[in-house]
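Participant: Mind looking over this structure? Questions follow.
The values are calculated or read from the model by the stated rules, or taken from the named source; none is laboratory data. Keep in mind it's a predicted model, so treat the numbers as computed, not measured. Glycine also receives a Cβ, built like all others from the backbone with ideal geometry; neighbour counts cover every protein chain displayed. Only protein heavy atoms, including side chains, enter the accessible area calculation; ligands, DNA and RNA are left aside. Shrake-Rupley method; radii C 1.70, N 1.55, O 1.52, S 1.80 Å.
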Amino acid sequence: MPFRVGVLISGQGSNLQALIDHFARKEGVPGPEIVCVASSRADALGLERARNAGIETAVFDKTDHSDRDARDAALGNWLDDHNLDLVVLAGFMEILSGPFIRRFEGRLVNVHPSLLPAFPGVNAIEQALAYGVKVMGVTVHFVDEGVDTGPVVLQEAFELPYARDMEEIEHRVHEIEHRLLPRAVELIAAGAVSRDESNPRVVRITQAT
Ligand code: GAR
C-alpha cells in the first residue's frame with residue numbers, strides 16, 4: 001500500500017514540484033505517492049505542475065463558498081475522499097479553520113520559510129531581513145490551531161552575515177525547502193516520526209530511511 005499524500009498550494013508550487021520529482025513512482029518501489037493537489041486559487045501555477053504530472057487537482061477558493069468554514073469543510077471532504085495518510089501545506093497561504101485542523105490532526109504538515117518560532121505568518125523572509133538576523137532557515141512542522149506554532153519535525157539553518165538581496169535569500173530558502181519537505185514526508189511515511197510522551201511538542205525521529 002503506498003503512503004497517500006495530498007498537497008495544498010496557493011501559488012508557484014515549487015515545493016509541490018520538489019515532492020513530485022522526489023517521489024516519482026518507480027516500478028515496484030513502495031513509498032509516498034502524491035495523489036491529489038488542491039489550491040486556494042484557480043490561477044496557481046502549481047496546478048499546472050500537478051496536471052503535468054497526471055495528478056488530480058481541484059480549486060477551493062473561499063469566494064466560491066459562503067465562508068471559510070464552508071470552504072474548509074468542502075476541502076476536507078474532498079481530501080477525505082482520497083483516503084490520505086498525510087496532507088502537506090506547500091505554500092498554502094491561508095489560515096485553515098479549527099475544525100479542519102482537528103479533522104487532520106497529526107496528518108497535517110506545513111513548510112515555513114523561517115526558523116520557527118521566529119517570524120511566523122506571512123512574509124517571513126521580509127520579516128527576518130527587516131529584523132537583521134544573521135541566521136535564517138526553514139521549518140517543517142505539524143500544524144496545530146495556532147499560526148505556525150505546531151511541533152517541529154525538521155529545521156535547517158543557514159548564515160547570512162549581511163543579507164539584502166531578497167531574490168538571493170529566497171533562492172537559498174527554496175533550495176533547503178526542496179530537500180527538507182520531501183525528507184520530512186519520507187520520514188513520516190516510514191513511521192520514523194513520533195511525539196515524545198512526556199512533552200508532545202517534541203518530535204522524535206526514531207530511524208533514518
Ligand atoms: C515557500 O517558501 C513556503 O515556505 C512559503 O511559501 C512559499 C511557497 O513557494 N510558505 C509560507 O510562507 C507559509 N506561511 P512554492 O509555491 O514555490 O512552493
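Participant: Quick one: which residue in ILE9, ILE20 is in contact (Cβ under 8 Å) with a residue 40 or more places away in the chain and within 12 Å of the ligand (Cβ to nearest atom)?
Facilitator: Of ILE9, ILE20, the one residue that is in contact (Cβ under 8 Å) with a residue 40 or more places away in the chain and within 12 Å of the ligand (Cβ to nearest atom) is ILE9.
Participant: Further, regarding this structure: Among the numbered criteria (1) out of contact with any helix residue (DSSP H, G or I) (no Cβ under 6 Å at 6 or more places or on another chain); (2) closer than 20 Å to LEU47 by Cα, which single criterion is violated by GLY146?
Facilitator: Only one criterion in (1) out of contact with any helix residue (DSSP H, G or I) (no Cβ under 6 Å at 6 or more places or on another chain); (2) closer than 20 Å to LEU47 by Cα is unmet by GLY146, namely (2).
Participant: How many of the residues making up the stretch 15-52 are small (Gly, Ala, Ser) and surrounded by fewer than 18 Cβ atoms within 10 Å (Cβ to Cβ)?
Facilitator: Residues that pass the stated criteria total 4.
Participant: Here's a follow-up. Are any residues in the stretch 168-204 open to solvent by less than 70 Å² (accessible area, probe 1.4 Å), free of Cβ contacts under 8 Å to residues at least 60 places away in the same chain and in a strand (DSSP E or B), and if so, which ones?
Facilitator: If the condition is that a residue be open to solvent by less than 70 Å² (accessible area, probe 1.4 Å), free of Cβ contacts under 8 Å to residues at least 60 places away in the same chain and in a strand (DSSP E or B), then VAL193, SER194 are the ones that fit.
Participant: Oh, and also: Can you tell me which residue among LEU84, LEU116, LEU89 is under 16 Å from the mean Cα position of the chain (by Cα), within 16 Å of the ligand (Cβ to nearest atom) and within 21 Å of PHE3 (Cα to Cα)?
Facilitator: The unique qualifying residue is LEU89.
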